[in-house]
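The values are calculated or read from the model by the stated rules, or taken from the named source; none is laboratory data. Bear in mind the structure is a predicted one, so any value in this text is a computation, not a measurement. Neighbour counts run over all protein chains shown; Cβ positions are idealised from the backbone, glycine included. Please note that ligands, DNA and RNA were not included when accessible areas were found on the heavy atoms of the full protein model with its side chains. Shrake-Rupley method; radii C 1.70, N 1.55, O 1.52, S 1.80 Å.
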Amino acid sequence: MAQLWGGRFTKETDKLVYNFNASISFDQKFYEQDIRGSKAHVAMLARQGILTAEEKDQIEAGLDGILADVRSGKLEITSEYEDIHSFVEANLIDRIGDAGKKLHTGRSRNDQVALDMKLYVRDEIDETDELVKKLLEALQKIMEENVHTYMPGFTHLQKAQPVTLAHHVGAYFEMFVRDRSRLADIRKRMNTCPLGAGALAGTTYPLDREYTAQLLGFDGPTRNSMDSVSDRDYVIELLSAFSTIMMHMSRFCEEIIMWNSNEYRFVEIDDAYSTGSSIMPQKKNPDIAELVRGKTGRVYGALTSILTTMKGIPLAYNKDMQEDKELTFDAIDTVKGCLALFTGMISTMQFNKQNMEASAKNGFTNATDAADYLVNHGVPFRDAHGIVGRLVLTCIDKGISLDELPLEEYKAISPVFENDIYEAISMKTCVEKRMTIGAPGPDVMEKVIAENKKYLEENIALKKSKEDIPVTGMAVLQQQYTLAEAIEEWIASLKKEINS
Ligand code: ARG
């Protein structure tokens, strides 16, 4: 049990208490951020004359060594330490001796952990943004290829009016664009540096908080030291934005599951993204879509959990706040994994265009257009609605579509109908005439697609770092902390199967 405190204690901590209190098993996840923060702190201390240049160099070299060794696996983070902060400090002292003991000058673990968490969340916002952008690119590709792919649009899950696949997917494009702007908003709002807030009341050392903020890429220091150590708003905002991302993916998954069903057959999920049944040989199940839908609940749970944890905490720091980590890490891993897999799934999915179009053709999706035909010939809309309602009834009786109903039958109900009704209610007309802004008409859709293209070119991802982040589901999964190992294992076995 290696602790940073103990001076005022006469007894050892009970082992169970130690374990209950310790956070190293999960806060080791931000060792990089912890070291980054310490290096900035030390650079500032030296600049302010609180540490000598030599001490600063020693500490920096020690911290760099720890970072390199943890990264390479040479140095293992073990439960011997209470938390990642103790681990780094104890290792530093082991390596460089007395200078290491000065690292924590003018700092508390309260502002330190607030900083680490912010740095971690900020990094993860950037990575998530990159993944949402990749998803948008996949959606854009589907849109470009399907401006003329007709399909039924639904309300109440009843066929309503014909749309195109580009239009339907375009709805999701809008959602994920909003998700990106939410992430950008959070990043902007949270980008102030808590370092230097101390335990809660700042410090008497002449710290230059502007300088550390600048070194760490913040817009400036936080303005109130008590708020600095007790603020987890950005975690709540992140989990809220994440919940919305999951909700969007989940809705799409729900549709994909239906579209993939034997009844719809609108899509065929690629073999690599489907699973079989242990008993029913004919089965090909949309497990990935179902899991993304299912994991949505888990991310909502994280949001509910942190909101509940925070609601009764008096100022300033309280240990309750340690509970922010596991659920946030889990949510981050879940969202990133789901985004990567979802993108892979929709990029490899086949659309059965003929089935989509055939489905749009039966189900009277052109009934509104038949009514509009009458309106264009001077019939008031309400009367036209009634007339077409009767036509639909006739068709249902005969088991045919409006396109198949003979002109005499039309005329029997309203003499206004002429031969051009068939042209007016053809799928092509129904879709192509819808040219209002936001409608599925191909001309408007092409404009939207051009705007999307511009958006994707101009709105480069938040992630500034040069190193490319993994695009494939597998690569992201490998970085995972808690995302069910089952998925990982399953994908690995699938890959093996595909390769063999
Ligand atoms: N592990 C703690 C956390 O995650 C670090 C801060 C500890 N501060 C303290 N006063 N015990 O919140």
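Over the range 45-201, with a single point scatterer placed on each C-alpha, what log10 of the ratio I(q)/I(0) does the Debye formula yield at q = 0.15, 0.16, 0.17 1/Å? The Debye formula, applied to the Cα set alone, gives -0.92, -1.00, -1.08.
Past 27 Å, Cα to Cα, is the threshold; run K159/K353; K353/K447; K29/K188; K141/K428; K284/K398; K74/K188 against it and keep the listed order. Beyond 27 Å between Cα atoms: K284/K398; K74/K188.
Spin-label model, E290/R265: points 7 Å from Cα along the beta carbon direction are separated by 2.2 nm.
Compared with the rule-of-thumb size 2.2 N^0.38 Å for a compact globular protein, the range 208-297 has a Cα radius of gyration ratio of 1.84.
Between the helical axis of 367-376 and the longest alpha-carbon principal axis of the chain there is an angle of about 60 degrees.
The spacing between the range 187-224 and the range 48-64, judged by their C-alpha centroids, is 20 Å. Model label sites at Q48 and D420, defined 7 Å from Cα along the beta-carbon direction, differ in position by 8.1 nm.
Taken over the range 1-109, the convex hull of the Cα atoms encloses 100 Å³ per residue. For the range 1-109, the set of trypsin sites (Lys or Arg not before Pro) satisfying both a DSSP loop assignment and a count of at most 13 other C-beta atoms within 10 Å is given as R8, K11, K74. Per-residue extension of 0.36 nm, minus the Cα-Cα distance of D397 and E254, leaves a gain of 48.2 nm for this segment.
The residue among L157, N262, L195 whose Cα reaches farthest toward the positive pole of the charge dipole of the chain, with charges on the beta-carbon of Lys, Arg, Asp and Glu, is L195. Extension gain for the segment L157 to E210, taken as residue separation times 0.36 nm less the Cα-Cα distance, is 13.5 nm to one decimal.
Exposed loop sites are taken as GluC sites (Glu not before Pro) in a DSSP loop (any state but H, G, I, E or B) with at most 11 other beta carbon atoms within 10 Å; the longest stretch of the chain without one runs 264-466.
A convex hull fitted around the alpha carbon atoms of the chain yields 198 Å³ per residue. Note that the chain presents 48 Å² accessible area per residue, ligands and nucleic acids not counted, probe 1.4 Å.
Note on the chain: with neighbouring protein chains present and a 1.4 Å probe, carbon and sulfur make up 51 percent of its accessible heavy-atom surface.
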